[in-house]
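The values are calculated or read from the model by the stated rules, or taken from the named source; none is laboratory data. Quick caveat, the model's predicted, so the values are computed rather than measured. Note that we place each Cβ from the backbone using ideal geometry, even for glycine, and neighbour counts take in every protein chain shown. SASA here: full protein model, heavy atoms, side chains in, ligands and nucleic acids out. Shrake-Rupley method; radii C 1.70, N 1.55, O 1.52, S 1.80 Å.
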Amino acid sequence: MAMELAIDVGPLKPEIAPLILGLVLFFLLFAVMAKVILPRINKVLTEREEATDGRFEEAEETRAEAARVHAEYQELLAEARHEAARLRQESVEQGTAIIAELRAEGQRQREEIIAAGHAVIDAERAVAEAELRQQVGVLATDLSGRIVGEPVTDFARESGVVDRFLEELRTAQPSDAATDKRA
């Protein structure tokens, strides 16, 4: 019993040989784990961390790219709105110009129609005056023949009394109209 160590661990009282064997196996297992298993675990953890960091970097790059594309989209949209406003303005200006041209053309056509109407009225007036001259002459000679008691048709034709009378009426009308306006 010289080799026996007296360890007082209470009521359990382990034996030294199994205790040393347990310690040796523990350290052997610890060494195997530290040299073989833990480096593999660390390697896997490092790879996962690198993959995660890479994905975060990719996500940041994707976010930055999305922000850049969004900014370009907003810029293009603003340009498109500006272009649409410019086109609307041009359309309004062209419409205004077309309306002005159509009004001018309508005014010109109206003036032509009025001028043509005046020409027709003047022509009809000339025809009516010629007919009235003839009828007034005949009526005047008939009436004067009744008053006098004998026909004066030949005398009226020869002397041109009716024509002079009508000419005096024509020339007297503008001056009479002028005096009427003054009164």
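Within the range 12-26, is there a residue that is at pLDDT below 90 and among the aromatic types (Phe, Trp, Tyr)? Taking every residue of the range 12-26 in turn, none turns out to be at pLDDT below 90 and among the aromatic types (Phe, Trp, Tyr). Any residue in the range 41-55 that's on the phi > 0 side of the Ramachandran plot: show its pairings with residues that are surrounded by 10 or more Cβ atoms within 10 Å (Cβ to Cβ) and at pLDDT 80 or above at Cβ separation under 9 Å, as long as the two are six or more apart or on different chains. Qualifying pairs under 9 Å: none.
Within the range 67-75, is even one residue open to solvent by 90 Å² or more (accessible area, probe 1.4 Å) and among the β-branched types (Val, Ile, Thr)? No, every residue in the range 67-75 fails to be open to solvent by 90 Å² or more (accessible area, probe 1.4 Å) and among the β-branched types (Val, Ile, Thr). Taking the criterion of being open to solvent by less than 80 Å² (accessible area, probe 1.4 Å) and under 21 Å from ARG170 (Cβ atoms), the only residue of the range 108-119 that qualifies is ALA119.
Pairs meeting the criteria (first residue in the range 119-137 and in a helix (DSSP H, G or I), second residue surrounded by 10 or more Cβ atoms within 10 Å (Cβ to Cβ) and not polar (S, T, N, Q), beta carbons under 6 Å, at least 6 apart or on different chains) are ARG133/LEU166; GLY137/VAL162.
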